[in-house]
Amino acid sequence: NETGVDGFRCDYATGVPTVFWNEVGAQLRKVKPDVFLLAEAEVPQHQLHGFNAAYSFGMMHVINDIAKKTKTVAAIDVELAKNETLFPTGSTFINYTTNHDENSWQGTVFERLGSGVKAFGVVTYLLDGIPLIYNGQETGLDKRLEFFTRDPIEWRHDELAAFYQTLNQLRRDNRALHTGSRFVRIPTTANDAIFAVLREAQGRRVLAWVNLTDAAVSFELAHAEVAGKWTDVFSGKSETFARGSLLTLEPWEFRVLTGN
């Protein structure tokens, strides 16, 4: 009431019983009905009553594994299916490629994801949920920040700033990328390499293909809903596709398109 706090991120939320968080949520919502509670945890029962969202630790590890070539794009589908089975209907996840722990202890996005930094960044916006941008990520942060010692970020101009601005603007303006909108995995003839998605809400659509490998991939579009006229978000060019159209994406290339 005094400072207008929108919500709280609760560190190590598994450190106390879920019943505690249920009571915390109930009491806070009496004061501020739309308070947002984020759990630094990935516990199904947390989203029954206590929290509004959880960290998608599992998906972050999948992203790292795909970059290391120990898993294929199919691992994303396995992770999505697992969450759908284990978590309550309507559960929300924070999707990300880096955070304070990953950056300091496991490596920068450039160390872990290499040339796939942008491609995996696009994936975090295409997945249903809420994309997270870690402090300095948009500046091309290329060092592991000290964890327990003040380590200022060098705020510099970087191409990633415009990249994330474009994705943020798209998510703000197009309800197809809002949390809870329709999410369809589009089949292609290269499902192990291409992450293809259709998102839709209130007559707005976002269609995307992302090559999550370090090799060029040619594939055929195998879904009727790709047919029609689309506009590329990054280039502004209009394109028309039909079911069965052939596409080639260069290593780590992505296409994000909008349509009605």
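The values are calculated or read from the model by the stated rules, or taken from the named source; none is laboratory data. All figures in this text were calculated on a predicted structure; none of them were measured in a lab. Heads up, the Cβs are rebuilt from the backbone with ideal geometry, glycines too, and the neighbour counts pull from every protein chain shown. The protein model used for the area step is the full one, side chains on, heavy atoms only, and it has no ligands, DNA or RNA in it. Shrake-Rupley method; radii C 1.70, N 1.55, O 1.52, S 1.80 Å.
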Checklist entry - What's the angle, to the nearest 10 degrees (0 to 90), between helix 18-31's Cα axis and the longest principal axis of the chain? => result 90
Checklist outcome for this item: Which of K82/K229; K68/K237; K30/K82; K68/K143; K69/K118; K71/K143 exceed 24 Å between C-alpha atoms? The answer is K82/K229; K68/K237; K30/K82; K71/K143
Item to check | Residues of region 39-55 with amide N under 17 Å of a point placed 7 Å along Cα→Cβ from D11 | outcome: 39-42, 55
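Rounded to the nearest 20 Debye, what is the dipole magnitude of the chain about its Cα centre when Lys and Arg each give +1 and Asp and Glu each give -1 at the C-beta?
On the way: 26 positive and 32 negative charges, 135 e Å.
Here the size comes out at about 640 debye.
How big is the shadow of the Cα convex hull of region 21-176, averaged over all directions, in nm²?
Values: hull surface 42.9 nm².
Here the figure is 10.7 nm², rounded to one decimal.
Taking a probe of 1.4 Å, how large is the accessible area per residue of region 152-260, in Å²?
49
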Next on the checklist: Taking 8 Å as the Cα distance limit and 6 or more residues as the minimum spacing, I'd like the relative contact order of the chain as a percentage.
Outcome noted: 13
Checklist entry - Which of the chymotrypsin sites (Phe, Trp or Tyr not before Pro) found in region 87-174 are in a DSSP loop and have at most 15 neighbouring Cβ atoms, other than their own, within 10 Å? => result F147, F148, W155
Checklist entry - Do any chymotrypsin sites (Phe, Trp or Tyr not before Pro) in region 11-88 lie in a DSSP loop with no more than 11 other beta carbon atoms within 10 Å, and if so, which? => result Y12
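Within 11 Å, Cβ to Cβ, of N174, how many net charges do the neighbouring residues add up to if Lys/Arg are +1 and Asp/Glu are -1?
Details: positive: R171, R172, R175, R199, R204, R205; negative: D173, E200.
Charge balance near N174 sits at +4.
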Next on the checklist: Need the full-extension length gain, E23 to R185, defined as separation in residues times 0.36 nm minus the C-alpha distance. One decimal, nm.
Outcome noted: 54.6 nm
Checklist outcome for this item: K143 and F110 label points (each 7 Å along its Cα→Cβ direction) are spaced in nm at 1.2
Item to check | Between region 221-246 and region 137-201, the Cα center-to-center distance that results, in Å | outcome: 21
Next on the checklist: Just to confirm the filter: which GluC sites (Glu not before Pro) across region 1-67 are DSSP coil and have at most 10 other Cβ within 10 angstrom of their Cβ?
Outcome noted: E2
Checklist outcome for this item: Whole-Hz Karplus couplings 3J(HN,Hα) for region 189-200, θ = phi - 60° and coefficients 6.51, -1.76, 1.60, Gly and Pro as x, run 8, 9, 5, 6, 10, 9, 9, 10, 9, 10, 10, 8
Next on the checklist: Amide H of Y55 versus every other amide H placed in the peptide plane: which residues, excluding those fewer than 5 positions away on the same chain, fall under 5 Å?
Outcome noted: A39, A41, I94
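Using only the alpha carbon atoms of region 119-227, find the Kirkwood hydrodynamic radius as the inverse mean reciprocal pair distance, in angstroms to one decimal. Show your work: numbers first, answer last.
Numbers: mean 1/r = 0.0630 Å⁻¹.
Kirkwood hydrodynamic radius for region 119-227: 15.9 Å.
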Checklist outcome for this item: The extension gain from S238 to A222, computed as 0.36 nm times the residue separation minus the Cα-Cα distance, is 3.7 nm
